[in-house]
Amino acid sequence: MTQIAEKLMNLLTVPIKSEGYELLDVEYNKHGSNQNVQLIIDSINGIGIDDCVAVNRIAQEVLDNKNPISDSYTIEVSSPGLFRKLKTAEHYKTFTGERIRVRLQQKIQGVKNAVGKLEESTEKEIRLKLESDGSELVIPYTLIAKANLEPELKF
C-alpha cells in the first residue's frame, strides 16, 4: 500500500465504519495529472449502488475537510466482488474453508502460484491444501504477494 493510500485508509476507516460499512482496501493511483482513489467496502448486508453513493459522500466530506490530496481527484467506491482480495489475517480467518488463489514472492516447495482450500490461518501464516496434488503448503503472510478468493464458477 502506498503512503497516500495508508493515509487515506487511516482517515476514512472510522467515519465509514460509523455508518455501518467496512473499508477493506484503498488504492491510490496517479497517472499524469489524474488522481484516482478507489475504496473497496463491505457490510453484513452486502453492497449495492446506494451503499457506494453513501460511502462516496462520506469520503468526499472527510477528504474535503482534511485535504490529504492536492489538486483534483476522483473517488470510486465498489464492493470486493466475487474474487475478493485477501490482505489481512482477519480476511483469511473469515474465509477459512474457501477456495483461494495465492501468488508468492518466492517459491515454497517449488510452488509460486497456487490454488487450493484455505485450511487454517493464524496471525503469522496460512495453511493451504493445494488442488494440484492435495499436498499442504504453509505460507507466511510475509511471502504472499497477492491473494484472493477463487470461487468455482459453474455455468
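The values are calculated or read from the model by the stated rules, or taken from the named source; none is laboratory data. All values reported here derive from a predicted model rather than from experimental measurement. Cβ sites come from the backbone with ideal geometry, for glycine too, and all protein chains shown count toward neighbours.
For region 107-138, filtering for residues that are touching a strand residue (DSSP E or B) at 6+ places or on another chain (Cβ under 7 Å) and not basic (Lys, Arg) leaves 18. Could you look through region 113-130, keep only residues that are out of contact with any Lys or Arg (no Cβ under 6 Å at 6 or more places or on another chain) and surrounded by fewer than 13 Cβ atoms within 10 Å (Cβ to Cβ), and pick out the one that is modelled with the highest pLDDT? Ranking the candidates gives LYS124 first.
For region 131-151, taking the residues that are more than 22 Å from PRO80 (Cα to Cα) and β-branched (Val, Ile, Thr), the one that is surrounded by the fewest Cβ atoms within 10 Å (Cβ to Cβ) is identified as THR142.
Checked against (1) within 30 Å of GLU119 (Cα to Cα); (2) of a type in the set (Gly, Ala, Ser); (3) at pLDDT 95 or above; (4) more than 11 Å from the chain's Cα centre (by Cα), ALA54 meets all criteria but (1).
I need the full set of residues from region 111-155 which are in the same structural domain as ARG101 (by TED's automatic domain parsing) and of a type in the set (Phe, Trp, Tyr), in order please. If the condition is that a residue be in the same structural domain as ARG101 (by TED's automatic domain parsing) and of a type in the set (Phe, Trp, Tyr), then TYR141 is the only one that fits.
The test for being in contact with a strand residue (DSSP E or B) (Cβ under 6 Å, 6 or more places away or on another chain), at pLDDT below 95 and of a type outside the set (Asp, Glu) does not hold for THR88.
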